[in-house]
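Have a look at the structure below, then the notes.
The values are calculated or read from the model by the stated rules, or taken from the named source; none is laboratory data. For clarity, every value in this text was computed on a predicted model and none was experimentally measured. Note: ideal-geometry Cβ built from the backbone for every residue, glycine included; neighbour counts use all protein chains shown.
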Amino acid sequence: MRIKSGIFILVIMFSFVSCVSYFNLKKEIADAEGSEIAVISGINNEPNLSFAMMLTASLQKHSKLKVMSQKKIAESIEYYPFRIEGPWKFAYVDIEPDFERVNLEKIKEIQKRLGVKYLYVIWTPVETSYTIENSGNVYELHTISQLYEFPDGEPIGGSKFVIAKHPGMFSSMGKSKRDVMMYYADNVAKEISEQMKVIKGGNL
């Protein structure tokens, strides 16, 4: 797909990225340090699992949580990754959230098998790519997430954001799709760690 008015669209994208929040914690947490957390891919496709793996690595790097490896998750849960009904009414061009639609029983079942205190479930139901005329290619991975605290299985945080790669966005992201996904994974991990007061090097 080719889109004209490239400069106008890029301005909108820069504005969107500058105000995005990668994680929003809904309750105060005072004693999470050293607790176990697992990042779960909510959809059985390559982008979702890749981002879950990157976020696992980023949390291991930035947080004081005990982060379960994706390898151990796969060994503990048969047929992982698989699709978990996610928190949206529809997900076509964008995601329309509906947090009542989550398959909470499935999430509780996963937690029982893993035995962790926190489950961070990430879904990437919309993947798009297109070309902006006279500018270049754009890649978008629309993402929605929820953090669950156990033993109650209470949803205590999450966010909706777009992993976006387009011409001239930020040089610090790198050029490849993987570089860009890793950039976002680091930002998500840092926000989770800061808000849960478990960031390495002290809380900001």
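Working only within region 101-128, note down all residues that are over 17 Å from the mean Cα position of the chain (by Cα) and touching a residue at least 12 places away in the same chain (Cβ under 8 Å).
Initially, region 101-128 is screened for residues over 17 Å from the mean Cα position of the chain (by Cα), giving 101, 103-106, 108-117.
If the condition is that a residue be over 17 Å from the mean Cα position of the chain (by Cα) and touching a residue at least 12 places away in the same chain (Cβ under 8 Å), then ARG101, ASN103, LEU104, LYS106, LYS108, ILE110, GLN111, ARG113, LEU114, GLY115, VAL116, LYS117 are the ones that fit.
Would you please list the contacts, defined by Cβ atoms under 8 Å and residues six or more apart or on different chains, that run from a residue in region 175-193 that is of a type in the set (Val, Ile, Thr) to a residue that is in a helix (DSSP H, G or I) and at pLDDT 95 or above?
Going by the 8 Å Cβ cut-off, the qualifying pairs are VAL188/LEU55; VAL188/SER58; ILE192/LEU59.
I'm trying to understand the selection: among the residues of region 52-103, which are hydrophobic (A, V, I, L, M, F, W, C), surrounded by fewer than 16 Cβ atoms within 10 Å (Cβ to Cβ) and in a helix (DSSP H, G or I)?
ALA74, PHE99
Here are some residues: ILE163, ILE156, ILE132, ILE144. Which one is over 19 Å from the mean Cα position of the chain (by Cα) and of a type in the set (A, V, I, L, M)?
Only one candidate passes the filter, namely ILE132.
Of all residues in region 32-51, count the ones that are within 26 Å of SER129 (Cα to Cα) and surrounded by fewer than 16 Cβ atoms within 10 Å (Cβ to Cβ).
3
Condition check ((1) under 24 Å from LYS64 (Cβ atoms); (2) in contact with a Ser or Thr (Cβ under 9 Å, 6 or more places away or on another chain); (3) of a type outside the set (Val, Ile, Thr); (4) at pLDDT 95 or above) across all residues:
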{"site": "GLY86", "(1), (2), (3), (4)": "no, no, yes, no"}
{"site": "ILE122", "(1), (2), (3), (4)": "yes, yes, no, yes"}
{"site": "ASN134", "(1), (2), (3), (4)": "no, no, yes, no"}
{"site": "SER159", "(1), (2), (3), (4)": "yes, yes, yes, no"}
{"site": "MET173", "(1), (2), (3), (4)": "no, no, yes, no"}
{"site": "ALA189", "(1), (2), (3), (4)": "yes, yes, yes, yes"}
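If you take the residues in region 61-100 that are closer than 16 Å to ALA38 by Cα and hydroxyl-bearing (Ser, Thr, Tyr), which one is farthest from the chain's Cα centre (by Cα)?
Result: SER76.
Every residue in region 41-99 that is among the polar types (S, T, N, Q) and free of Cβ contacts under 8 Å to residues at least 12 places away in the same chain, please.
Residue satisfying the conditions is GLN60 alone.
Please enumerate the residues belonging to region 132-146 that are out of contact with any helix residue (DSSP H, G or I) (no Cβ under 9 Å at 6 or more places or on another chain) and surrounded by fewer than 21 Cβ atoms within 10 Å (Cβ to Cβ).
ASN137, GLU140
So that you can scan it fast, the table gives a plain yes or no per residue for (1) at pLDDT below 95; (2) small (Gly, Ala, Ser):
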residue	(1), (2)
ARG2	yes, no
GLY6	yes, yes
PHE14	yes, no
SER18	yes, yes
ASN24	no, no
ILE29	yes, no
ASN48	no, no
LEU55	no, no
SER58	no, yes
